[in-house]
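Below you'll find the structure, written out as structure tokens, and then a few comments.
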2 protein chains.
Amino acid sequence: MTKTPVKHAPKKPDYEKALRKAGIRITRPRKIILGILGETEDHPDALEIFRRAEQVDKSISLSTVYRTMKLLEEMGAIHRHAFEGGPSRFEQAGGDHHDHLIDMDTGDVIEFRSDRIEQLQQEIARQLGYDIVHHRLELYGRRRKD
Amino acid sequence: MTKTPVKHAPKKPDYEKALRKAGIRITRPRKIILGILGETEDHPDALEIFRRAEQVDKSISLSTVYRTMKLLEEMGAIHRHAFEGGPSRFEQAGGDHHDHLIDMDTGDVIEFRSDRIEQLQQEIARQLGYDIVHHRLELYGRRRKD
DNA sequence: AATCTTTTGCAACTGAGTGTCATCTGGCAC
DNA sequence: GTGCCAGATGACACTCAGTTGCAAAAGATT
């Protein structure tokens, strides 16, 4: 089990090429959004992505951000996380799988990974007669003050 | 680790008494909603509870269902689960803690519990310098066809 | 450059849930 | 039982996140 935060792999997979191959057009808004997702280390929501995109091109629209997030999610290029009581937040896919600990005071998201937990989940599903398609494990907590 | 579905304790805690003690009035809509929650073995959403309540009293309103769910949640009488891509679903509290496996084809919810996973979560949070307030573990899967 | 889709921005819409407010009612006092 | 009144209700307007319809704009391909 890894207990230290997962470090983002310095990934710059060529999404543009992948998109074009899937018959999807590389438009100006999409280029901008991909750029933002590639840069960021945090887990922004659609509105935050929209605000960052506006800095680059004032004419971009929020619907386009939503549409693009959905498209990229369906392509598997990003992951959507619907943490409690907030809008969906996104992160680039391509790193290795991890789960999240959400700081309830700041909203910060810490990534972690536990192979032991993954394995236990598999066992449980198998015993119940199921195949896991995906899972969601989120810890909601506060910084320990000692 | 328990791998068999958690069986609902045959719980009929006297919520009416508890509510009254908390200075909360036992009204007709609340009685009906508590009755529904006490009967059901599944995890209905607000609309479903509303529909069931309507059978009993045609005059009940959806807002009251929402308000009552929020009230009961704050009192700790029920748990709210926001599974992926759907409205919140509720279950009576009072049983022991468990997590959920969601059947992606039927929407069925299977309860399970793994002390080992709970323990690993604690360890992880501690190592990251956090105290867990609560967590969410959901497995999304399909029945294994063999 | 001409064409033909796909995509965009805008605005109208949806679904889940919350807030407002006039009316109603549970529960206690008498 | 009747009266009282804070708390609860139903109706409906509203919010928030996200989606959809549509005419205009812009990729890609020739």
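The values are calculated or read from the model by the stated rules, or taken from the named source; none is laboratory data. For clarity, every value in this text was computed on a predicted model and none was experimentally measured. So basically every Cβ, Gly included, is an ideal-geometry build from the backbone, and we count neighbours across all protein chains shown. To get the accessible areas, we keep the full protein, side chains included, count just its heavy atoms, and leave off ligands, DNA and RNA. Shrake-Rupley method; radii C 1.70, N 1.55, O 1.52, S 1.80 Å.
Whether any residue in region A:46-64 is surrounded by 11 or more Cβ atoms within 10 Å (Cβ to Cβ), near DNA strand D (Cβ under 8 Å from one of its atoms), at pLDDT below 95 and not in a loop (DSSP other than H, G, I, E, B) is what I want to check.
If we filter region A:46-64 for residues that are surrounded by 11 or more Cβ atoms within 10 Å (Cβ to Cβ), which is where we start, we get A:46-54, A:56-57, A:60-62, A:64.
If we keep only those that are near DNA strand D (Cβ under 8 Å from one of its atoms) too, we end up with A:46-47, A:62.
Adding the requirement that they be at pLDDT below 95 leaves none.
No, because not a single residue in region A:46-64 is surrounded by 11 or more Cβ atoms within 10 Å (Cβ to Cβ), near DNA strand D (Cβ under 8 Å from one of its atoms), at pLDDT below 95 and not in a loop (DSSP other than H, G, I, E, B).
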Please work out if residue A:72 is within 16 Å of DNA strand C (Cβ to nearest atom), crowded, with 20+ Cβ neighbours inside 10 Å and more than 24 Å from residue B:86 (Cβ to Cβ).
no
Go through (1) open to solvent by less than 80 Å² (accessible area, probe 1.4 Å); (2) not in a helix (DSSP H, G or I) for residue A:105 and report which single condition fails.
(1)
Condition test on residue A:40, is it open to solvent by less than 80 Å² (accessible area, probe 1.4 Å), away from every other protein chain (no Cβ under 14 Å), more than 13 Å from DNA strand C (Cβ to nearest atom) and among the β-branched types (Val, Ile, Thr)?
yes
Filter pass, residue A:9 being open to solvent by less than 60 Å² (accessible area, probe 1.4 Å), modelled with pLDDT under 95 and under 24 Å from residue A:97 (Cβ atoms):
yes
For residue B:112, all conditions in the list (1) part of a helix (DSSP H, G or I); (2) at the interface with another protein chain (Cβ under 7 Å from one of its Cβ atoms) hold save one; what is the number of the exception?
(1)
Quick check: is even one residue across region A:80-95 more than 9 Å from chain B (Cβ to nearest Cβ), open to solvent by 30 Å² or more (accessible area, probe 1.4 Å) and of a type in the set (Asp, Glu)?
no
